[in-house]
Amino acid sequence: MRTKNKIYAAFFTVCTTFLLAQSGIQSKHILDLDGASTHIKIQPTMYGIFFEDINFAADGGLYAELIKNRSFEFDEPLTGWKQPNTKTLSPNLDSGFLIIHTDASKTNKNYARITVLNDKNYLLENEGFRGIGIHQGEKYDFSFYLENVSGNIKEMKAELIDEKGQSIVAVSIPVSGKGWQKYAAVFSPKRTVEKAKLQITFVGNGVVNMDMISLFPQDTWKGRKGGLRKDLVQKLYDLKPGFLRFPGGCIVEGRTLAERYQWKKTIGKVEDRENLINKWNNGFAHRLTPDYWQSFGLGFFEYFQLSEDLGAEPLPILSCGMACQFNTAELVKMEDLDPYVQDALDLIEFANGDISTPWGKVRAEMGHPKPFNLKFIGIGNEQWGEDYIERYKVFEKAIHAKYPKITIVSGSGPSPDGEFFEYGWKELKKLNAQIVDEHYYNSPEWFLENATRYDKYDRKGPKVFAGEYAAQSVGVVKPENKNNWLTALSEAAFMTGLERNADVVTMTSYAPLLAHADGWQWTPDLIWFNNLSTYATPNYYVQKLFSNNKGTDLLKITENGKALTGQKKLYSSAVFDEKSKEIIIKIVNADIQPKEMNLNTKNLRFGDKMIKIILSADTLDTENSFTSEPIQPKENSESIKRGKISTEIPPKSVVILKINKL
């Protein structure tokens, strides 16, 4: 009988919900907003960005180089290169051939020796990163190093061709003299092509050595030669991030210790930086990517420079002597840990040291005499267990002995709960850790249900960095995951909980950040791009709304004396912005029906206008794409009559209300 009653009750609930949704009946909510100070500050670092070189995020993405394996450094040195016959496009070594020479004394050790035998047009071709994106009317800097070894080669011809083999643009570069020389030319294409290729031929016969064959758009971020892709950086800039965490992620750890990220190998002249295989080249069976390497053209100097450009605090993460525990779990012995600790100390000097210091001098020689004013450093990424705690102690003691003002970010492992998580937090609390990094990739339901996650955290314990999070529409590490409205809406609900607990949570960032449409390994991702364009996901717009409206002081907003944490599927947080003198209220309605909201205020005087920003979609499976962004914020103004604030909160929506405080 109880079973029958439960079935009838469930049926009644479904029918009632359906009828309410169809009739458009609104539930009414009276919220209380107290303008008095809670004495809780919203940290400038509350909303930031996390960068990791996954999904072709650096080479092939943010780093604007268009030639893959430009210096022949991959394990298979001809990766990305072909030597086709000009007519049949099949190998024809009768016209010439290429071999790889190695100079082990150099970091950029490989170069190509090309022998041109006759006038049958030896051809060398590069495929780029899933093609080369070329925009009509823009200019592209083509350059290479060449040594004329023997023979009478007097000219090199470079040409960009489309997918059908038709010419887009070509240049001829005279070759003369002996010894290694740098040559350059400019491409000015007359049409736009998403997946072009570079072809190189020679005039004359003989032998030449070539290295660092490079192609960059001139229109990079801030116009820097050999710089960053402008449209991608602009999307990062528009987020107004409080910090930039780099270079990862599991990239920091490496599959093995030898493959870990070593910051000292990523600075200095670009042509002298040592290439390294990318951890994600074979990280996932569903997206094996053997041609994924790191050129480190985007290195630690460029990360610091980008942080400065974005107005964000740099947050570098360093290896703690533990390779990825999901892979080899290789450990450095404690007696051999000193070089790893020294790397951390030297990095702080590189960022903050006077130009009279050894590493401060290196920074100055790279073009930045002024210190980067580093305040944070992270030790390890997702390590767990006793081995991590043992190593963290050594780093913390050494760093704070020399740089007591540096804030250290530690980690609680890869999961938001469980034995490793609990152990990490227990030990880090004992050590008076400053900030603990938590990661969670979970279902939208988890995010909706965990808006109260930090309500009972110890206010006297370490602060929290929600360093990696994203709702997974299908499941963790599932290639079918989508950046749909359901995931974005659930993240917004969760973020109101982060903001309500700003006395505990001081840093947050979605992950991963970037994904190439043809070169991804992990989904979902915040920003998608191809060789020509980008689009912002619904999740991006949620992050942007929160970050652009973070305010400076937390306010108390309640219903019936309680914070809105999912009651009747309504979530909310409120802040005051000292600079703009605005009250900013964030409301998430996860219900399928609208809500009528009336706001009672206390300790507040305000104007007669209210800005209302709405982010919503008709269906929860709606996505943005390269061709359309149906989910974007829509802004309007509403009147405040006789000092009473009343407005409708649409179904399945994120709403920002901004009111000028008098």
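Overview of results
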{"item": "37 °C / 0.692 mPa s Stokes-Einstein diffusion coefficient of segment 268-308, Kirkwood radius on C-alpha pairs, µm²/s", "result": "281"}
{"item": "Tail fraction, Cα-Cα pairs, segment 610-662, threshold 14 Å, whole percent", "result": "59"}
{"item": "Cα-based convex hull, segment 160-208, per residue volume (Å³, whole number)", "result": "106"}
{"item": "Local net charge near LYS556, Cβ-Cβ under 10 Å (Lys/Arg +1, Asp/Glu -1)", "result": "0"}
{"item": "30 Å Cα-Cα threshold exceeded, pairs from LYS68/LYS157; LYS269/LYS544; LYS430/LYS544; LYS609/LYS652", "result": "LYS269/LYS544; LYS430/LYS544"}
{"item": "C-alpha long axis of helix 300-310 to longest principal axis of the chain, angle in °", "result": "50"}
{"item": "Packing-based ranking, highest mean first, of 283-295, 356-368 given that Cβ atoms within 10 Å are counted", "result": "283-295, 356-368"}
{"item": "Set of aspartates and glutamates with alpha-carbon distance to LYS482 below 12 Å, sequence-local pairs under 8 removed", "result": "ASP525, ASP621, GLU623"}
{"item": "Members of LYS197/LYS222; LYS82/LYS225; LYS568/LYS634; LYS478/LYS579 lying beyond 32 Å, as alpha-carbon distances in this model show", "result": "LYS478/LYS579"}
{"item": "On Cα atoms only, tilt of 485-500 relative to the major axis of the chain in degrees", "result": "70"}
{"item": "Least to most buried among THR79, THR201 (fewest other Cβ within 10 Å first)", "result": "THR79, THR201"}
{"item": "In Hz, Karplus ³J(HN,Hα) per residue of segment 347-356 (6.51, -1.76, 1.60; θ = phi - 60°; x = Gly, Pro)", "result": "5, 4, 5, 4, 7, 10, x, 4, 5, 7"}
{"item": "Cα shape, segment 503-636, gyration tensor, a/c 1.5 rule", "result": "prolate"}
{"item": "Dipole of the chain, positive direction: furthest Cα of GLN521, THR220, THR38, with charges on the beta-carbon", "result": "THR38"}
{"item": "Convex hull projection area averaged over all views, segment 561-662, Cα basis, nm²", "result": "7.8"}
{"item": "Helix 2-23 axis, angle to the chain major axis (alpha carbon atoms, nearest 10°)", "result": "80"}
{"item": "Order of TYR303, TYR63 - criterion: other Cβ atoms within 10 Å of each residue's Cβ, fewest first", "result": "TYR303, TYR63"}
{"item": "Angstrom value of the Kirkwood radius, inverse mean 1/r, which spans all Cα pairs in segment 81-217", "result": "15.4"}
{"item": "Ratio Rg/Rh [Cα only; Rh per Kirkwood] for segment 293-392", "result": "1.01"}
{"item": "Derived scalar couplings ³J(HN,Hα) [segment 103-112; Karplus, 6.51 cos²θ - 1.76 cosθ + 1.60; whole Hz; x for Gly, Pro]", "result": "10, 5, 7, 10, 6, 8, 7, 9, 8, 9"}
{"item": "Antiparallel bridges, percent of DSSP beta bridges restricted to the chain (to nearest 5)", "result": "70"}
{"item": "Estimated vicinal HN-Hα couplings, Hz - segment 384-396 in sequence order (Karplus 6.51, -1.76, 1.60; Gly, Pro = x)", "result": "8, x, 4, 4, 5, 4, 4, 6, 4, 4, 5, 4, 4"}
{"item": "Taking TYR457, TYR441 and counting other C-beta atoms within 10 Å, the order from fewest to most", "result": "TYR457, TYR441"}
{"item": "Evaluated at q = 0.16, 0.17, 0.20 Å⁻¹: base-10 log I(q)/I(0), Debye formula over Cα of segment 204-346", "result": "-1.02, -1.12, -1.35"}
{"item": "Share of Cα-Cα pairs in the chain lying beyond 51 Å, as whole percent", "result": "18"}
{"item": "Packing rank of 235-242, 459-466, where each peptide gets the mean count of other beta carbons within 10 Å, highest leading", "result": "235-242, 459-466"}
{"item": "Cα-based convex hull, segment 92-161, per residue volume (Å³, whole number)", "result": "151"}
{"item": "Value of [θ]222 nm, deg cm²/dmol, for the chain, DSSP H segments ≥ 4, -39500 (n - 2.57) each, nearest 500", "result": "-6000 deg cm²/dmol"}
{"item": "Kirkwood Rh, angstrom, segment 486-568 [1 / mean 1/r, Cα pairs]", "result": "14.7"}
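The numbers here are math on the coordinates, done by the rules we state, and not lab data. None of these values were measured; they are calculated from a predicted model. Here Cβ is always computed from backbone atoms with ideal geometry, including for glycine, and neighbour counts include all displayed protein chains.
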